[in-house]
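*Asks:* Below is a structure I'd like to ask you about.
The values are calculated or read from the model by the stated rules, or taken from the named source; none is laboratory data. As the structure is a prediction and not an experimental result, all values here were calculated from the model. Neighbour counts are summed over all protein chains in view; Cβ atoms, including those assigned to glycine, are modelled from backbone coordinates with ideal geometry.
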Amino acid sequence: MSTKTKAKEKDAPADGEEAEGGKKKLFLVLAVLLVVAGAAAYFFLFTGEAEAEEPVAGEVVALEPVTVNLAGGGYLKIGISLQTTEDAASGGHGGGGVDGSKALDLVISTYSQAQPADVTGAREALKESLEHQIVEAYTDEEGVEMVMGIYFTEYVTQ
């Protein structure tokens, strides 16, 4: 044997030593990963900014019912009330509460495009769409909602 081969054999660890050192490194890496995962979970679950605050309900503003001509013939007399938030009472949209003109305009434009079968058969889907449009219309530039929901107070179709 040459001297180089003898030096390699002398420096090379035995098979058992190499496996034991590899396991220690693996356990160390897994322990570090667990600590990092735990810290990340704590940060996302328990920090104050993790969840957006839900708006707090304010007063309910009843709007005058309107009669809308349906696209396929017939009409719908619809009345709605707006569930405002506390932010609406504290000065949003001109400081005097919520003006219902935007909501009534959205009611007319949404339901004047509807068919009579939609008005009776897809009532909840139309309401959800209308509610989404109204909430969006009454949300200011900073993302503060002035209206958080709507209620039907009258719904008569012919």
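*Asks:* Would you please list the contacts, defined by Cβ atoms under 6 Å and residues six or more apart or on different chains, that run from a residue in the stretch 115-139 that is under 11 Å from Gly149 (Cα atoms) to a residue that is of a type outside the set (Asp, Glu) and assigned to a helix (DSSP H, G or I)?
*Replies:* So the pair list comes out as Leu130/Thr110; Gln133/Leu106; Ile134/Ala103; Ile134/Leu106.
*Asks:* Modelled with pLDDT of 75 or more and touching a Phe, Trp or Tyr at 6+ places or on another chain (Cβ under 8 Å) - does that describe any residue in the stretch 46-62?
*Replies:* There is at least one residue in the stretch 46-62 that is modelled with pLDDT of 75 or more and touching a Phe, Trp or Tyr at 6+ places or on another chain (Cβ under 8 Å).
Okay, residues lined up against (1) loosely packed, with under 14 Cβ neighbours inside 10 Å; (2) over 20 Å from the mean Cα position of the chain (by Cα); (3) in a loop (DSSP other than H, G, I, E, B); (4) at pLDDT 95 or above:
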| site | (1), (2), (3), (4) |
| --- | --- |
| Leu76 | no, yes, no, no |
| Ala88 | no, yes, no, no |
| Gly92 | no, yes, yes, no |
| Gly96 | yes, yes, yes, no |
| Ala117 | yes, yes, no, no |
| Ala125 | yes, no, no, no |
| Leu130 | no, no, no, no |
| Val135 | no, no, no, no |
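*Asks:* Of everything in the stretch 7-21, what is surrounded by fewer than 10 Cβ atoms within 10 Å (Cβ to Cβ) and either modelled with pLDDT of 75 or more or of a type in the set (Gly, Ala, Ser) (or both)? Give them in sequence order.
*Replies:* Hits for the stretch 7-21 are Ala14, Gly16.
*Asks:* Continuing with the same structure: What tally of residues in the stretch 137-158 results from selecting those that are crowded, with 20+ Cβ neighbours inside 10 Å and more than 13 Å from Thr110 (Cβ to Cβ)?
*Replies:* Within the stretch 137-158, residues that are crowded, with 20+ Cβ neighbours inside 10 Å and more than 13 Å from Thr110 (Cβ to Cβ) number 4.
*Asks:* Also, quick follow-up: Can you pull out every residue in the stretch 98-112 that is assigned to a loop (DSSP other than H, G, I, E, B) and modelled with pLDDT of 90 or more?
*Replies:* Gly100, Ser112
*Asks:* For the stretch 143-157, indicate whether the set of residues that are of a type in the set (Val, Ile, Thr) and assigned to a helix (DSSP H, G or I) is non-empty. Outline the logic, then answer.
*Replies:* Going through the stretch 143-157, the residues of a type in the set (Val, Ile, Thr) turn out to be 144, 147, 150, 153, 156-157.
Applying the additional criterion that residues be assigned to a helix (DSSP H, G or I) yields none.
No, that holds for no residue.
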